[in-house]
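The structure under discussion appears below in the form of structure tokens.
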Amino acid sequence: GQPLLFTRRQRRRGSSGQQQNSHQQRGKDGASIAALLPPSPAHLCLLLFSHQPPACRRLPGPQDYQGRERRELLPGQTYRFRVAGINCFGQGDFSPCSEFKTCQPGFPGAPSAVRISKASDSVQITWEAPSSPSGRILEYSMYLAVKKSRSACSERPGQMAFIRIYRGTKTSCSVNSSNLENAHIDSSASNRPAIVFRIAAKNEQGYGPATQIRWIQDPIKLRESSSAEAEQDAADR
């Protein structure tokens, strides 16, 4: 704990030349008291440490949000949000910003429960139908963010380019190694690089909003792969 009190006087040896003895005891308030007891009680070194935890402030409760205005979400709009945890010591850091788009009336919702499993030379992606299909689902489309050319980078800086890699009625698809090699590695949302997929459902009205999935990658393996590609390019020249 933090020292609350420190008083010290000059240390002296007794007539027998022996060093001072040490003594510890526990105070009534839970504090630990360590004292050096010299031969003479007139010379005392006292250290007082508090082991009590810092004051913990009250957590916010439901009553803290009463009286605030409640707004309904509008259809076909994009909303962004961040999340931060709060405990008795205060508020932590915010998460990276995420976004979602609400459905237009009559259009299907976004697919959910997306799972990615890696095979030896491909990736298997599965998902579940939208909870609000608004009719019969006719098909799904899966998109992959890919590397852009230099001209495309200058025309649309900061925007990812997507290609469709699946279109069908099944709630699963396989992504082969050639597509993965051309995938864009996105590091904008956090320090963890990821391959980005998007999947959307279509009904009689058309396509609804897409679900975006970030497949986290190992930074060490990415650096090794980049080094190998650079060496291969140098050898080809």
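What pairs come out if I take residues in the range 163-187 that are aromatic (Phe, Trp, Tyr) and pair them with residues that are not in a loop (DSSP other than H, G, I, E, B) whose C-beta lies under 7 Å away, six or more apart or interchain?
What qualifies is 166/141; 166/142; 166/173.
Cβ-Cβ below 7 Å, separation at least six or inter-chain, first residue in the range 104-122 and without any contact (Cβ under 8 Å) to a residue 24 or more places away in the chain, second surrounded by fewer than 13 Cβ atoms within 10 Å (Cβ to Cβ): which pairs?
What qualifies is 113/128.
Give me the pairs: first residue in the range 84-99 and of a type in the set (Lys, Arg), second residue open to solvent by 80 Å² or more (accessible area, probe 1.4 Å), beta-carbon distance under 7 Å, and six or more apart or on different chains, which are they?
Within 7 Å, no pair qualifies.
Each row is one residue, and each column tells you yes or no for (1) at pLDDT below 95; (2) part of a loop (DSSP other than H, G, I, E, B); (3) over 26 Å from residue 75 (Cα atoms); (4) open to solvent by 40 Å² or more (accessible area, probe 1.4 Å).
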position	(1), (2), (3), (4)
93	yes, yes, yes, yes
100	yes, no, no, yes
143	no, no, no, yes
154	yes, no, yes, yes
164	no, no, no, yes
170	no, yes, yes, yes
197	no, no, no, no
205	yes, yes, no, yes
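Being of a type in the set (Asp, Glu) and at pLDDT 90 or above is the filter; apply it to the range 111-141 and report the residue that is nearest to residue 211 (Cα to Cα).
Checked the range 111-141; the qualifying residue nearest to residue 211 (Cα to Cα) is 128.
Of the numbered conditions (1) surrounded by fewer than 14 Cβ atoms within 10 Å (Cβ to Cβ); (2) not in a loop (DSSP other than H, G, I, E, B); (3) not hydroxyl-bearing (Ser, Thr, Tyr), residue 123 fails exactly one; give the number of that condition.
Tallying (1) surrounded by fewer than 14 Cβ atoms within 10 Å (Cβ to Cβ); (2) not in a loop (DSSP other than H, G, I, E, B); (3) not hydroxyl-bearing (Ser, Thr, Tyr), residue 123 fails exactly one: (1).
May I ask you to list the residues in the range 102-115 that are crowded, with 16+ Cβ neighbours inside 10 Å and within 23 Å of the chain's Cα centre (by Cα)?
Within the range 102-115, 110, 111, 114 meet the criteria.
How many residues does the range 210-221 contain that are closer than 30 Å to residue 134 by Cα and touching a Pro at 6+ places or on another chain (Cβ under 9 Å)? Let's see the steps before the verdict.
So in the range 210-221, the residues closer than 30 Å to residue 134 by Cα come out as 210-215.
Those left that are additionally touching a Pro at 6+ places or on another chain (Cβ under 9 Å): 210-211.
Number satisfying all stated conditions: 2.
Out of all the residues in the range 127-137, which are farther than 8 Å from residue 201 by Cβ, surrounded by 14 or more Cβ atoms within 10 Å (Cβ to Cβ) and touching a strand residue (DSSP E or B) at 6+ places or on another chain (Cβ under 9 Å)? Spell out the reasoning first.
Of the residues in the range 127-137, the ones farther than 8 Å from residue 201 by Cβ are 127-128, 131-132, 134-136.
If we keep only those that are surrounded by 14 or more Cβ atoms within 10 Å (Cβ to Cβ) too, we end up with 127, 134.
Passing the criteria: only 127.
All but one of (1) at pLDDT below 85; (2) open to solvent by 80 Å² or more (accessible area, probe 1.4 Å); (3) not β-branched (Val, Ile, Thr) hold for residue 190; which doesn't?
(2)
Return yes when residue 80 is touching a residue at least 40 places away in the same chain (Cβ under 8 Å), over 21 Å from residue 184 (Cβ atoms) and loosely packed, with under 10 Cβ neighbours inside 10 Å and no when it is not. Full working, then the answer.
Numbers: touching a residue at least 40 places away in the same chain (Cβ under 8 Å): no; over 21 Å from residue 184 (Cβ atoms): yes; loosely packed, with under 10 Cβ neighbours inside 10 Å: yes.
So residue 80 does not fit the description; no.
The values are calculated or read from the model by the stated rules, or taken from the named source; none is laboratory data. Quantities reported herein were computed from a predicted structural model and do not represent experimental measurements. With ideal geometry, Cβ positions are generated from the backbone for all residues, glycine too; neighbour counts draw on all protein chains shown. Remember, those area values only see protein heavy atoms, side chains included, never the ligands or the DNA or RNA. Shrake-Rupley method; radii C 1.70, N 1.55, O 1.52, S 1.80 Å.
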